[in-house]
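Engineer: Please see the structure below; I have some questions.
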Amino acid sequence: MRQIAKIFFPKDSVGKYLSRNGHLNPVPARELANATGLFLQQVHASPNIYVIEDFLSGQEVDHIMQSKEFRKGFKKSFTDAATHLQNKVDSNRDSSFVWFGKMQTSVIARIERRASQLFGVTADRVEPLQVVKYRPGQFFGRHHDMGVLFDDGSVELPERPPRRLTTIFVYLNDVDPSNGGSTRFPGLVNEDGIPLEVFPKRGKAVVFCNITGEGTPDERTVHEGCPILQGVKYGMNIWTNDKR
Ligand SMILES: O=C(O)CCC(=O)C(=O)O
C-alpha cells in the first residue's frame, strides 16, 4: 500500500446503510423498501457485494438507450479522473463511454436519487451517470474504482477528492453467459469456491463499496469487465464520491 492517508466520510455520507467500517450493511428488505423499494441480494460477504435484480425499470433503461447521448455520444475510454491520469488512452480498457449531465432529465434525476437513497447520502454525492459500451473482444481489465491498481495488488489512494466510495454498475442489456461480458472479482470466490462473477441482465446492478474502515481502498473489490465474445454489452456506472 503506497498511500495510507485516511478518508473520513463526511457526516452526511456515512449514510444509513453504509456502516462505519465502510461496508454496505445488509438491510432488511422491509426497511429498504421504505427508502428505495429495492431488494439487495448478498452475493459475497467480507467485503459485501450485492446484486439488485431490478435497479432500473425497463422504461428507465429505454430512456437511457433512446437518448441523444446514447445514440451519438460514445467516445473511446481513457483512464479517468479517479486515477488522476486524464486523457491517456488506456490499454487496460478498450470500451467506449458517454456521460449524462446531472439531473438532465427527470428520469436521470430519479436514478441519481435512487442511488443516493441506497447509500443514505445526499444526491450531490452521486457522480454524473456514465454509460459504457463493449463490442466483441472488448473488455475492462483488472482495476479498482478508487485509484491506480499496482502489480502487487495494492491500490493508490488519490490524494484529493473526488474519491469513489461506492459503485453501482447496472447492466443495460441481456448477454447470454456463453458470450462472456461478466463482471468478475478475481480476488473473491463465491459459495462454490469459484471466482465471483456477476452476469449481465437488463436492469440488474452489482453494488459494492471501495473503501475500508481504515479509510484506504479496499483491495478486495478489484474487478474486471470480461471480454464480450459476441454482440454488444452496455452498462452504467453510478459512483458516489467524497467531493464537497
Ligand atoms: O463492465 C463491467 O462489467 C465492469 C465495468 C467497470 O468496472 C467500470 O466501468 O468501472
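Engineer: Name the residue that is farthest from the ligand (Cβ to nearest atom), counting only residues in region 233-244 that are closer than 23 Å to R125 by Cβ and not aliphatic (A, V, I, L, M).
Structural biologist: Ranking the candidates gives R244 first.
Engineer: Any idea which residue in region 127-156 is nearest to the chain's Cα centre (by Cα), counting only those that are under 13 Å from N241 (Cβ atoms) and not in a strand (DSSP E or B)?
Structural biologist: D145
Engineer: So which residues in region 192-235 are of a type in the set (D, E, K, R) and touching a Gly at 6+ places or on another chain (Cβ under 8 Å)?
Structural biologist: R202, D218, E219, R220, E224, K233
Engineer: Taking region 142-181, which residues are crowded, with 20+ Cβ neighbours inside 10 Å and under 15 Å from P227 (Cα atoms)?
Structural biologist: The answer is H143, Y171, V175, G180, G181.
Engineer: In region 102-125, what residues are of a type outside the set (F, W, Y) and at pLDDT below 95?
Structural biologist: Answer for region 102-125, where residues must be of a type outside the set (F, W, Y) and at pLDDT below 95: R113, R114, A115, S116, Q117, L118, G120, V121, T122, A123, D124, R125.
Engineer: A further question follows. Go through region 141-179 residue by residue and tally those that are within 10 Å of the ligand (Cβ to nearest atom), under 17 Å from E219 (Cα atoms) and either free of Cβ contacts under 8 Å to residues at least 12 places away in the same chain or not hydroxyl-bearing (S, T, Y) (or both).
Structural biologist: The number of residues fulfilling the criteria is 6.
Engineer: Counting only residues that are modelled with pLDDT of 80 or more and more than 16 Å from Y134 (Cα to Cα), which one in region 70-101 is nearest to the ligand (Cβ to nearest atom)?
Structural biologist: F100
Engineer: Of everything in region 94-128 that's of a type in the set (S, T, N, Q) and closer than 17 Å to L56 by Cβ, which residue is surrounded by the fewest Cβ atoms within 10 Å (Cβ to Cβ)?
Structural biologist: Only one residue tops the list, namely S106.
The values are calculated or read from the model by the stated rules, or taken from the named source; none is laboratory data. None of these values were measured; they are calculated from a predicted model. All Cβ positions, glycine included, derive from the backbone under ideal geometry; neighbour counts span all protein chains shown.
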